């Protein structure tokens, strides 16, 4: 692959921009820090656009590949490349970074440079995760990305931020350790290769596959998060600043799901088939159990956090019914969830910035004082409830239809989200937005300003565009998903 | 090629109007909002008419507009199917919508949400057109949910009213229950036929007529077509408000009256009827599903009619009559008389829209009092409203020569000829329904337009069963700083308990409404009279629908036999004078005349004499109570249990914090060994050396 190293740019432009922002130092230079951050974020987004426009949809092979030796002694390489599964997430991540920088513009007033630098560096690291093709490189990015998020929650978070940050860190670290062991085992078993693509082709006994699969499962399940290792997420969201919640929901949750496609399915295909029932069961629990839990939340952020878990249940369900529509539906759901949950957390942030409460009971009749906001919030609430013409519908529709083919009753259980998802989202909307003005806090609310309007428009373009015309999104996935399914259908046991 | 652009114009013209009126609702003056939306719908209506003529000339169309999504072997497209069925629906939808748009200028003139309202009803028109013009299940579902969304927005249009925002949430969720079945039905279609395109599915379906699938483990399977049709029909039950998913429709009357006419009577609620007719090639393959359809329809037709008898809110009487009429249409579907169902859908759209808009006119004339017990003698003050209401009521009860007669009588005849299991019960239900319909329709008509003038009295019949609730509503309104948000029926009649604020002051008289209100009434009254007479011959027996509706003549020869009995529209009407149906309707009218104009004391006596039955009806058979306690309350209970017990108790309490506590406990035990005193360490060391030596010695 000749030409510009686009993936390196996607990783290092935001990181370097972050370091430059960090250099502006104290809050005296906050306006400069903000401008530089926005520039860095936009530049980071622009360098990812050629990944889409230059993408060859006809090949399942890795594209924009970069391969350099990094630690020759252990055969560790700086090996990057994207296929139809990972490429959309590099762009989504860079897009979300722009919205996050904008979202913190007037809200974050202390340690501005450090805050923005944290997000820019994290953005680069996450692009690294999605494009790494070397096990060690992947692991380094995977772990390093935890640090900025941990700091963002721990420094700019709410009153209980330290507990939440620790819980988040320990949960994910626990998963990561098992993941590291799995990587080392694969290194030895493959005769000294850290190449993920080599691991895909490597024969493995069923017994080894099962152990590897379980290690991967625990590592990724924590990130997704899947029931029952999900309880860190609501706490993390509640304490995180708005930008942290957006990144957490839009990108960080996708890392675990991406891991299933990059590691679990291709490396341990036989174990994936053997244990698919387990993952499907956990996914359905996430959809139903978590849906009911979301229904009774009093805190808006917790409610949306739980709804994220339920939506991610569709993703893992879609992966493990082994059909093209299931996997593509799950990928669509991941991208859609980036727009929709990002927008939901931003909406809550908009209210929190004004009234300093996330409790549903503290609101009522917001539409009277914030009509423009109410219109946008309605759009994203409906998208969260999976209304057609929004992106939220496409993924659910595909996964439900695909699972009918797999097993009617699995689809039956999953489709209950049509009712429960609408119930928790719209019930919250009713209590918060509709009704007469509930108290003087609501009476004093001011409608969204131009900056907030712009952010909402960005999210709305994503959610509506994908809902009305999802074909450009799924088109790039076809070759890679078909190749993956073909690969997973072949046994690796020799 | 030109026609295809015209097809596209039909849904897009109202969409453009909706977008302009919606996005700029805060900046544009009112005339722009109603101007662009009415222009959009008028264009759409005119284009539909051109398409109708083209279709009648034999030019149907089935093709994609754009490819929405491909995945695996599946393709999903947005596309149009233009045939006799869809063009009929397009005409009905755009015409009624246009009438309602014009009427809204008068009805909503004092409302601050004027522009927003026009945006919503145009958006609804777009969604409904996408639904009826679709050539595939995906787009059908899109339109299906989109009309649900607009219905949600419009029921909650006066968003400061607690009852309105309760009703719209309820409507959305109950519809979602239907959609839950609907999407599973679509999933089965895709699984078994590999496509969601109507034509392709219909072509493949007959081959699958004998296929069974095992849904309930081993043992005997379920017929595939039965499963598909019943699941699809569950969707129709939600949208078309069939028992037990009917509970949202009466509450939807919280919305402004124009949308009650457009969405909750004439068009959206008939989407389920349309869908089943569209799917006739599938339903014809399953007698079990048809039986299910006819029984559900019959229950709805009769039992919802009973509830109309005891309602005192003018809009709710019409709402229950809508439920009952939807039941009639469903019965026709179950009897394989799809064309009759569509025929009744069409006539009903005209006369029910008329009745609702007339009710709205009465509400304006009465200054927002909706309680029919406070009316009486209005015919002298509102002559146009009176006459058009009379026409609507006569059409509704099936008076010979009126539109409703031809469609309803055809349904009754079709059910009589049907041999589907359940058709016997359905025949009884629709016959009894005739009497009930005539009774409650004319009860309302007499109470509103005839008899003594009961308006303008200070003592209103306020506060009956939900009197305590009335105070909370009242308080909520008092707290509402923005009183301007209340539209016409923002405080409606005694049913929500604040009738005392509204209605006519003593000595004040009702007045006729402006021309923008009465013109649509007149324009709707015309088809309410003539459309049945004109259309029955061609539509039911003239092969109007051609291939758009499929009936298995061998298995369900209802339409064929019906055609034998049909000797022209005039003969049908004159023959009807000798049938039981006519005399039942007449008896209903006569009884209501006697009870409500001659002897008003009798209904009160009956009410107290049969108190248990009255209570049962007043509580609408306790469906609402049951849903609130069992489903809504149950879901919250489960949610709270899983949250506190599962997440907080078990996972966080025992496992997460438990393991943290375990580490803490372990550390605290180990800590005892780290005392910092040198003699403790020395002592421990000696013990250790001693143990090791002992081991070494004993081994040796």
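The values are calculated or read from the model by the stated rules, or taken from the named source; none is laboratory data. Quick caveat, the model's predicted, so the values are computed rather than measured. In this analysis, Cβ positions are derived from the backbone assuming ideal geometry, glycine residues included, and neighbour counts consider all displayed protein chains.
When you look at residue B:443, is it in contact with a helix residue (DSSP H, G or I) (Cβ under 9 Å, 6 or more places away or on another chain) and free of Cβ contacts under 8 Å to residues at least 40 places away in the same chain, yes or no? Give the derivation first.
Working: in contact with a helix residue (DSSP H, G or I) (Cβ under 9 Å, 6 or more places away or on another chain): yes; free of Cβ contacts under 8 Å to residues at least 40 places away in the same chain: no.
Considered against the rule, which asks whether it is in contact with a helix residue (DSSP H, G or I) (Cβ under 9 Å, 6 or more places away or on another chain) and free of Cβ contacts under 8 Å to residues at least 40 places away in the same chain, residue B:443 comes out as no.
For residue B:141, the stated conditions do not hold, so it cannot be described as surrounded by fewer than 24 Cβ atoms within 10 Å (Cβ to Cβ), out of contact with any helix residue (DSSP H, G or I) (no Cβ under 6 Å at 6 or more places or on another chain) and farther than 19 Å from residue B:89 by Cα. Screening the candidates B:637, B:617, B:695 for the property of being assigned to a helix (DSSP H, G or I), closer than 26 Å to residue A:310 by Cβ and modelled with pLDDT of 80 or more yields one hit, B:637. Restricting the search to helices (runs of 4 or more DSSP H) fully inside the stretch A:391-486 and requiring at least 1 residues that are within 30 Å of residue B:216 (Cα to Cα) and either more than 10 Å from every other protein chain (Cβ to nearest Cβ) or without any contact (Cβ under 8 Å) to a residue 12 or more places away in the chain (or both) gives A:391-406, A:408-415, A:417-432.
Of all residues in the stretch B:367-398, exactly one satisfies the criterion of being under 29 Å from residue B:538 (Cβ atoms), out of contact with any helix residue (DSSP H, G or I) (no Cβ under 6 Å at 6 or more places or on another chain) and either part of a loop (DSSP other than H, G, I, E, B) or without any contact (Cβ under 8 Å) to a residue 12 or more places away in the chain (or both), namely B:394. Of the residues making up the stretch A:60-84, those that are surrounded by 16 or more Cβ atoms within 10 Å (Cβ to Cβ) and within 19 Å of residue A:473 (Cα to Cα) are A:60, A:62, A:63, A:64, A:81, A:82, A:83, A:84.
Being within 30 Å of residue A:188 (Cα to Cα) and part of a helix (DSSP H, G or I) narrows it down to one residue among A:138, A:168, A:95, A:119; which is it?
On the way: A:168 fails: within 30 Å of residue A:188 (Cα to Cα); A:95 fails: within 30 Å of residue A:188 (Cα to Cα); A:119 fails: within 30 Å of residue A:188 (Cα to Cα).
Just one listed residue meets the conditions, A:138.
Filtering the stretch A:371-390 for residues that are within 16 Å of the chain's Cα centre (by Cα) and not in a loop (DSSP other than H, G, I, E, B) leaves a non-empty set. Among the residues of the stretch A:368-380, those identified as within 20 Å of residue A:455 (Cα to Cα) and surrounded by fewer than 24 Cβ atoms within 10 Å (Cβ to Cβ) are A:369, A:370, A:371, A:372, A:373, A:374, A:375, A:376, A:378, A:379.
Looking only at the stretch A:336-345, decide whether some residue is within 22 Å of the chain's Cα centre (by Cα), in contact (Cβ under 8 Å) with a residue 24 or more places away in the chain and within 14 Å of another protein chain (Cβ to nearest Cβ). Even if it seems obvious, please write down each step before you answer.
Narrowing the stretch A:336-345 to residues within 22 Å of the chain's Cα centre (by Cα): A:336-345.
Filter once more, so that each one left must be in contact (Cβ under 8 Å) with a residue 24 or more places away in the chain: A:336-345.
From what's left, within 14 Å of another protein chain (Cβ to nearest Cβ): A:336.
Yes - at least one qualifying residue is present in the stretch A:336-345.
Against the definition (at pLDDT 90 or above, farther than 26 Å from residue B:535 by Cα and crowded, with 20+ Cβ neighbours inside 10 Å), how does residue B:117 come out, yes or no? Quick ask: steps written out before the conclusion?
On the way: at pLDDT 90 or above: yes; farther than 26 Å from residue B:535 by Cα: yes; crowded, with 20+ Cβ neighbours inside 10 Å: yes.
So residue B:117 fits the description; yes.
Just one of the listed residues (A:45, A:6) is surrounded by 15 or more Cβ atoms within 10 Å (Cβ to Cβ), touching a helix residue (DSSP H, G or I) at 6+ places or on another chain (Cβ under 6 Å), under 23 Å from residue A:140 (Cα atoms) and modelled with pLDDT of 90 or more, and it is A:45.
The requirement of being over 28 Å from the mean Cα position of the chain (by Cα) and over 29 Å from residue B:155 (Cα atoms) is satisfied by residue B:72. In the stretch B:220-236, how many residues are modelled with pLDDT of 90 or more and outside any helix (DSSP H, G or I)? Residues meeting the conditions: 0.
Could you tell me whether the stretch A:292-301 includes any residue that is at pLDDT 90 or above and more than 14 Å from chain B (Cβ to nearest Cβ)? Yes, there is a match, as at least one residue in the stretch A:292-301 is at pLDDT 90 or above and more than 14 Å from chain B (Cβ to nearest Cβ). Among the residues of the stretch B:45-80, those identified as at the interface with chain A (Cβ under 10 Å from one of its Cβ atoms) and surrounded by fewer than 16 Cβ atoms within 10 Å (Cβ to Cβ) are B:66, B:67, B:73.
Picking from B:303, B:350, which residue would you name as being in contact (Cβ under 8 Å) with a residue 12 or more places away in the chain, assigned to a helix (DSSP H, G or I), more than 16 Å from the chain's Cα centre (by Cα) and surrounded by fewer than 24 Cβ atoms within 10 Å (Cβ to Cβ)?
On the way: B:350 fails: surrounded by fewer than 24 Cβ atoms within 10 Å (Cβ to Cβ).
Matching residue, one of B:303, B:350: B:303.
Being over 26 Å from residue B:173 (Cβ atoms) and in contact with a helix residue (DSSP H, G or I) (Cβ under 7 Å, 6 or more places away or on another chain), is that true of even one residue in the stretch A:389-409? Checking the stretch A:389-409: at least one residue is over 26 Å from residue B:173 (Cβ atoms) and in contact with a helix residue (DSSP H, G or I) (Cβ under 7 Å, 6 or more places away or on another chain).
Which residues, taken from the stretch B:532-556, are in a loop (DSSP other than H, G, I, E, B) and in contact (Cβ under 8 Å) with a residue 60 or more places away in the chain? Scanning the stretch B:532-556 gives B:544, B:545, B:546, B:547, B:548, B:549, B:550, B:551, B:552, B:555, B:556.
Do the conditions hold for residue A:309, that is, is it under 23 Å from residue B:173 (Cβ atoms), within 12 Å of chain B (Cβ to nearest Cβ) and buried (at least 24 other Cβ atoms within 10 Å of the Cβ)? Spell out how you get there, then give the answer.
Values: under 23 Å from residue B:173 (Cβ atoms): yes; within 12 Å of chain B (Cβ to nearest Cβ): yes; buried (at least 24 other Cβ atoms within 10 Å of the Cβ): yes.
Answer is yes for this residue.
The helices (runs of 4 or more DSSP H) found wholly in the stretch A:229-274 and carrying at least 1 residues that are within 14 Å of chain B (Cβ to nearest Cβ) and either out of contact with any strand residue (DSSP E or B) (no Cβ under 6 Å at 6 or more places or on another chain) or more than 18 Å from residue A:126 (Cβ to Cβ) (or both) occupy A:232-239. Any residue that is assigned to a helix (DSSP H, G or I) and more than 11 Å from chain A (Cβ to nearest Cβ) - is there at least one of those in the stretch B:132-142? There is at least one residue in the stretch B:132-142 that is assigned to a helix (DSSP H, G or I) and more than 11 Å from chain A (Cβ to nearest Cβ).
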